[in-house]
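What follows is calculated from the coordinates using simple rules that are stated; it is not laboratory data. A quick note: this is a predicted structure, and the numbers were derived from the prediction, not measured. Virtual Cβ from ideal backbone geometry, glycine too; neighbours counted across all protein chains shown.
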Amino acid sequence: MSITPIDPAKVPRHVLADGSTLPAIGIGTFGSDRYGPDEIGAAVLGALRYGYRLVDCASVYGNEDTIGRALATCLDEGVRRPDLRVMSKVWNDAHDPDRAIASTMTSLDKLGLDYLDVLYVHWPFPNSHAPGVGADSRDPAARPYHHDEFMRLWRALESLVDQGLVRALGTSNTTIPKLERLLSDARVAPQVNEMELHPCFQQGRLFQFCLDHAIQPIGYCPLGSPSRPQRDRTPTDLSDVDQPVVRDIAAAHGCHPVAVCLKWAVQRGQVPIPFAVKAAQYQSNIQAVMNDPLTREEMEAMASVERNNRLVKGQVFLWDTATSWLDLWDVDGNLP
Ligand SMILES: NC(=O)c1ccc[n+]([C@@H]2O[C@H](COP(=O)([O-])OP(=O)(O)OC[C@H]3O[C@@H](n4cnc5c(N)ncnc54)[C@H](OP(=O)(O)O)[C@@H]3O)[C@@H](O)[C@H]2O)c1
């Protein structure tokens, strides 16, 4: 494999609603309870040196300080801050407006930045959990989505935009009904939506809703998250890289099935944020989206891989009267 750094200027970009741009691929930083902060900080530095310019962080990942050191090193080495895109998220235990602001200030401090390019609400449900708890764990104080409460949080995030501390706001793990309410009430509309997106879970309706409303979809678990924590595994889960269509296309291109997932993601128009701490992986991941695209026929074949196979179901965030993880996802098209 080539270890020549790629030219970041050659990575395709998306234009957001405000005219700013995002690279078509970024690096994820959730260690799935198996990779620690130092390892992830080192991987982010390696990825930035290799040519990545978009980093997906979150306060709950517990590694913004080591990522901050990686960012500082890369800025010292000559990368310009305006060329970086750093995203962070407010966790479920910080939905109270004051806590959301405090959480964002802590993220900025740890990351060593004076502004975030994107700030997300990580999940639209307020709750609190110890890190790494099992799927059966429940917070007795967990609450379902409440629009007025969510808007109080959103107003706090809007004030951070007003102060120049955040450039763009984003939603994550949301649904069309929730986005419709937010779009009608927000003064600062979300410009990005981070959602689970991989060949077996394409979320066609939400994806198109985002595009129709000038919201850029950011795709998490783009490789089907093969190393995700045990709590996010269920017997019905499928492996994207083992789907025959994906494997056949990989064989035709002489590449790894992972590369097919990423080519498909970028060509479809989402921004994948694959996680990798291994240099060979993060290097080949960005290389994959810069050459040898899938054909129109292959893109059509990839559409047929859809299985509505959600991996990150969010059961741990359920409230006491909820009956199933489906209650989190407004599957009947309505808010509860
Ligand atoms: N907003 C949210 O709620 C949310 C939820 C989940 C994730 N995310 C974000 O999305 C990012 C990505 O999701 P994810 O980490 O769950 O899943 P992912 O990116 O689909 O999968 C990552 C794993 O794939 C393997 N991999 C990576 N590159 C590879 C390559 N070239 N060849 C073979 N295997 C490769 C690695 O496994 P090994 O390490 O075992 O080799 C790596 O740990 C996260 O890091 C996080 O930033 C956000």
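State the number of lysine pairs found in the chain whose Cα atoms come within less than 18 Å, restricting to pairs 8 or more positions apart or on distinct chains.
Here the count comes out as 4.
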In nm, to one decimal, how far is the modelled label at Thr106 from the one at Asn334, with both set 7 Å along Cα→Cβ?
3.8
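Computed over the Cα atoms, what is the radius of gyration of segment 221-307 divided by 2.2 N^0.38 Å, N being its residue count? Mind dumping the intermediate values first?
Values: Rg = 12.8 Å, N = 87, 2.2 N^0.38 = 12.0 Å.
Dividing the Cα radius of gyration by 2.2 N^0.38 Å gives 1.06.
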Over the Cα atoms of the chain the radius of gyration and the largest Cα-Cα distance (Dmax), both in Å, equal 18.9, 54
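Could you list Ser103, Ser88 in order of exposure, starting from the residue whose Cβ has the fewest other Cβ atoms within 10 Å?
On the way: Ser103 21, Ser88 30.
Ordered by Cβ neighbours within 10 Å, fewest first: Ser103, Ser88.
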Segment 10-328: antiparallel DSSP beta bridges as a percent of all, rounded to 5
15
List, in order, the whole-Hz ³J(HN,Hα) value for each residue of segment 120-135 obtained from phi through the Karplus relation with A = 6.51, B = -1.76, C = 1.60 and θ = phi - 60°; use x for Gly and Pro.
9, 8, 4, 9, x, 10, x, 5, 9, 9, 5, x, x, 5, x, 5
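Quick one: in segment 120-215, what % of C-alpha pairs are over 20 Å apart?
Numbers: 2014 of 4560 pairs.
That tail contains 44 percent of the Cα-Cα pairs.
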